[in-house]
Amino acid sequence: MNHVDIANTIARQIPMMDKMAIGYRRPRSMDETGERSGGLNFKVNTQPQRFCDIELLWNDTYRVTYFRIKRGSLDRITLATADQVYADCLGTTLYNMTQATDQYNAQA
């Protein structure tokens, strides 16, 4: 399975209602690295310059990272992360991260 197939599979595993709630836009595939077998990156429409990475790790779980791009540079500022996320929890995890980041980090 190549990295585009992996990204398409991840995108299909996110429920449509959660995609609509977070403003899922501009999906892109992520290449294979030593830590992951592929992934999906997309823009979140809830706030300007906010993005999510979903990485498929080699142990068949996901690492979800919610971040923003620092104004005036290309530095990433991580707002929330979640490790060991299973496919059936992707939508809920993404929604909680993007809608209430402060509350999500307090629970983690």
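What longest range of the chain stays clear of loop-exposed trypsin sites (Lys or Arg not before Pro) (DSSP non-H/G/I/E/B, at most 16 other C-beta within 10 angstrom)?
Values: sites that count: Lys70, Arg71.
By the stated rule (loop sites, at most 16 other Cβ atoms within 10 Å), 1-69.
When Rg and the Kirkwood Rh are both derived from Cα coordinates, the Rg/Rh ratio for segment 3-107 amounts to 0.94.
If each residue of separation counts as 0.36 nm, what is the full-extension length gain between Leu74 and Asn2 once their alpha-carbon separation is subtracted?
Details: separation 72, 0.36 × 72 = 25.92 nm, distance 2.76 nm.
Going from the current span to full extension adds 23.2 nm.
If R0 is taken as 41 Å, the Cβ-Cβ distance between Gln99 and Asp31 corresponds to a FRET efficiency of 0.90.
Tell me, in nm to one decimal, what length is gained between Asn59 and Met17 on full extension, where the rule is 0.36 nm per residue of separation less the Cα-Cα distance? Mind showing how you got there, number by number?
Numbers: separation 42, 0.36 × 42 = 15.12 nm, distance 2.74 nm.
Full extension of this stretch gives 12.4 nm more.
Each value in this text was obtained by applying a stated rule to the coordinates, not by laboratory testing. Since the model is a prediction, treat every value here as computed from it, not as a measurement. Using ideal geometry, Cβ is built from the backbone for each residue, glycine included, and neighbour counts are taken over all protein chains shown.
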